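First up is the structure itself, then whatever we jot down about it.
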Amino acid sequence: MGTLLVVNGRVIDPASGRDEVVDLGIEAGRIAEIGRGLSRAGARVIDAAGRIVTPGLIDPHVHLREPGQEHKETVASGARAAVAGGFTTICCMPNTRPALDSPEMVRYVLDRAARAVCRVFPVAAATKDRAGAEPTEFRLLAQAGAVGFSDDGDVVASAGVMLRVMREIAPLGLAFMQHCQEPTLTRGAAMHAGEVSTRLGLIGWPRVAEEIVIERDVRLVRETGCRYHVQHISSGGSVEIVRAARASGLPVTAEASPHHLILTHEACDGYDTSAKMNPPLRERKDVEAIRAGVADGTITVLATDHAPHTPDEKNAPFDDAPFGIIGLETALPLYAEALVESGAIDWPRLIALLTLEPARLCNLDRANRGQDGLGELFVGGPADVTVIDPDLEWTVAESDLCGMCVNTPFLGRTVRGRAVATIVAGEVRHELVAAGAG
C-alpha cells in the first residue's frame, strides 16, 4: 500500500483537542505522521485546503436488513451508503430475519462485513428472537463480536426481563440500547398524538409512551449499574429524564437522529409516508428541547437510525406503510444545519458526537481497543479519516443515494456540507471529486 497524504486541512480530533491546519501521513492502513509540511515524495496527495479533516465518522444505529430482507439493504450496500455520507464505521441493529440473537448470526454479519467498504459491527439482540421474553447468551455474543445489545424495533416491555437483562449485561461493560416504546400506549398508532394526527384521523402516539420506559429503566440502571443508552430520542420530556439521570451520575446516554432535530409532525401532512417513522416526528418544542439537550451535553451521540424500505412498501396507505427513513448519505449536512448553523454547538463538538462519543458507546475507542481504537486520530492508529467540505451546497437527489432504497423526506432539500473523501484503513473508499493530486 502506498503512502497517502491529506494536506492543508483543518484537522479536528476531539480526543486530543487538536483543531489546527496540519497534514496527515497515512501508510499501511495506519496514521504514520501528523504535522506540518510532511514530505510528498512518492505519495498520493489529497489537498484538503478549506476543508475539515476528522476521524472517520461512526454511526452506532443502522439497519442493514441482512439476513432476511436483502431486497431492502445488505451489509455491502449499506456500507456503500455509509462511506458516501462520510461514515467509516457503522453498527447494525439485530432486527433481521432471523434476528442476530446467536453467536452464529453475529459471525454471519462479521463475515460479510469483512468484504464491505467500511467497518461494520453487529449489535446483538437482548432477548431471543427479540420477543422480549428470554435473554440471549450475552457473554457468548460479546465473544463472537457483538459491540452492544438491543431489541431495537421493539422495546423490552417486561420490567422483570429488563432487570435480568441489565444484571447480566452489566459485568460485560457493554451498553444496552433501548427502543423506548411502551406498547400498550402505541397500539395502532401511526404518528405523534397532536393536531396533525387529529386532522388526518390517525391514531396518535403520545410522548409518555417513550418517557415512561426511560423512567422505568433509569430506576433499573440505579439497581444494576448497567450502561444504558436511549435510542432515537424524540420527546422533550425524555431529554429531561436523561438529563436528571446523568446529573445523578448514572451511566445513561442518549442519541438524536437527524429527522428529530429538524422535522416536526407537520411533515406527515397529506399522509406523506416518507415522514412516517418510529419514534414519530413530534412538535417544534420537542425539536428545540433535543437541540438543547445536545448543546448542554445531555445527548452525547448522533445516530441516523438508517431504515431502508422499498417504494412499494412506502407507497401503501399511511396506516399500513412501514416506519423509517434512510439517513446515512444525508446525515452530515442535516446535523450541521440543525446544530452548527443554529448555534447550538460548534464543529469540534459536532465531530465528537459523530466520532469519539459513538466509539465510546460501542467500546470501539482506544481505551478498549488500544492501537486499533476508532473515533480519534493518533500516530499508529487506524487510518479512518473523513474529509468534509463544510461550505459545499447541494440538493439531495436520488442519484446521491448509494444504498438500495430512497425513502427519505429530504429529497429535493438544499443542504450545506458534505463528505468529499472517506478513507477506511488507509484506502480511499469514497471521493466526491478529485480533491488534489501530487
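Listing for the model above:
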quantity	calculated
Condition check for residue 352: in a helix (DSSP H, G or I), in contact with a Gly (Cβ under 7 Å, 6 or more places away or on another chain) and in contact (Cβ under 8 Å) with a residue 24 or more places away in the chain	no
Elements of type strands (runs of 3 or more DSSP E) in region 4-91, at least 2 residues being more than 26 Å from residue 353 (Cβ to Cβ), at pLDDT 95 or above and of a type in the set (A, V, I, L, M)	4-13
Answer from 32, 15 - the residue that is small (Gly, Ala, Ser), assigned by TED's automatic domain parsing to the domain that holds residue 419 and touching a Lys or Arg at 6+ places or on another chain (Cβ under 9 Å)	15
Test for residue 157: is it of a type in the set (A, V, I, L, M), assigned to a loop (DSSP other than H, G, I, E, B) and surrounded by fewer than 21 Cβ atoms within 10 Å (Cβ to Cβ)	yes
Residues of region 298-312 satisfying the condition of being out of contact with any Phe, Trp or Tyr (no Cβ under 9 Å at 6 or more places or on another chain) and either touching a residue at least 24 places away in the same chain (Cβ under 8 Å) or aliphatic (A, V, I, L, M) (or both)	298, 299, 300, 301, 303, 305, 306, 308, 310, 311
Of all residues making up region 170-190, the number that are touching a Pro at 6+ places or on another chain (Cβ under 9 Å) and among the β-branched types (Val, Ile, Thr)	1
Verdict on residue 245 being aliphatic (A, V, I, L, M) and either assigned to a helix (DSSP H, G or I) or surrounded by fewer than 20 Cβ atoms within 10 Å (Cβ to Cβ) (or both)	yes
Selection status of residue 162, within 16 Å of residue 230 (Cβ to Cβ), within 23 Å of the chain's Cα centre (by Cα), in the same structural domain as residue 217 (by TED's automatic domain parsing) and surrounded by 19 or more Cβ atoms within 10 Å (Cβ to Cβ)	no
Residue among 399, 342 that is assigned by TED's automatic domain parsing to the domain that holds residue 89 and of a type in the set (S, T, N, Q)	342
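The values are calculated or read from the model by the stated rules, or taken from the named source; none is laboratory data. Model, not experiment: these values are computed from the prediction. Here Cβ is always computed from backbone atoms with ideal geometry, including for glycine, and neighbour counts include all displayed protein chains.
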